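**Q** Before I ask anything, here is the structure I am working with.
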Amino acid sequence: MGNSFYKWNVKQRKYMEAQQKKNLFMETLYAYDNKLMEESGIYILTRYNKPRQDGGVTKYAYIGQAVNVLDRLASHYIGFDQRIDVSLKSRGLKSVRNPYAWGIDVIYCPKEKLNELERQTIAEYIEKGFELYNITAGGQDEGKEYIQQKALGKGYHDGVGYGKKKALKEVKEYFDKYLDFIIKSTPEAIRKPKNKAERESLQPLYKEIYVKKLNEFGALLDGVKDDEQV
């Protein structure tokens, strides 16, 4: 009896601590944007990467529904279950000093409209070119659909293209971090030199071929978006 009472008190204390932390974040969020309310609606979190060399920008979004928007946003800050929870804690909220962090927009609506509006908003942000942190296409009712399944349904070639981009991204990361280009030996498969003198005379040709191929590969890698996952 005493032991179970002690455990219950421990659970109560942990719950109270979590609730106090959430209340603190609710105050922080309200100070950040006093338009945030404890009402039902769709909340939209967006962030943008730094512009790439080609001028393009990768943009991310997370769309959620809540019967209490302010409370739900604070829950993301104390949670670790979703990727957006970790990213919010890591990157913080958008400001003049922190321009690549998460911004918040809210569409308030009646509770009975949440599922419909969430699905509609997610579809709109996909159409706008945002990469979503969401796992599903929205809604808390029957027929919830996973975004990954929808993407895979586009066909085999889309899957191959995704794999190619992922592989190129990984290669680019290794090139940028760990590799420098040098010529170790002449490519005899291109032309086998007859002797040492001919080998040495062909060095400029080999170097030109290697550099050309390296530049072609570099251009291919530059086309891969330098995405940030968190």
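**Q** Residues D54, D33, D81: which one is within 25 Å of the chain's Cα centre (by Cα), assigned by TED's automatic domain parsing to the domain that holds R119 and within 22 Å of T136 (Cβ to Cβ)?
**A** Within the list D54, D33, D81, the selection yields D81.
**Q** Being within 15 Å of L45 (Cα to Cα) and without any contact (Cβ under 8 Å) to a residue 12 or more places away in the chain: is that true of S95 here?
**A** So S95 passes the test.
**Q** Filter the stretch 131-149 for residues that are of a type in the set (S, T, Y), in a strand (DSSP E or B) and at pLDDT 70 or above and give the result.
**A** T136, the sole residue that qualifies.
Results for (1) assigned to a helix (DSSP H, G or I); (2) buried (at least 18 other Cβ atoms within 10 Å of the Cβ); (3) out of contact with any strand residue (DSSP E or B) (no Cβ under 6 Å at 6 or more places or on another chain), shown as yes or no for each residue.
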| residue | (1), (2), (3) |
| --- | --- |
| K11 | yes, no, yes |
| Y15 | yes, no, yes |
| Q20 | yes, no, yes |
| T28 | yes, no, yes |
| N34 | no, no, yes |
| L45 | no, yes, no |
| R52 | no, no, yes |
| G56 | no, no, yes |
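The values are calculated or read from the model by the stated rules, or taken from the named source; none is laboratory data. Fair warning: this is a prediction, and the values are worked out from it, not measured in the lab. Because the Cβ atoms are built from the backbone with ideal geometry, glycine has one as well, and the counts that use them run over all protein chains shown.
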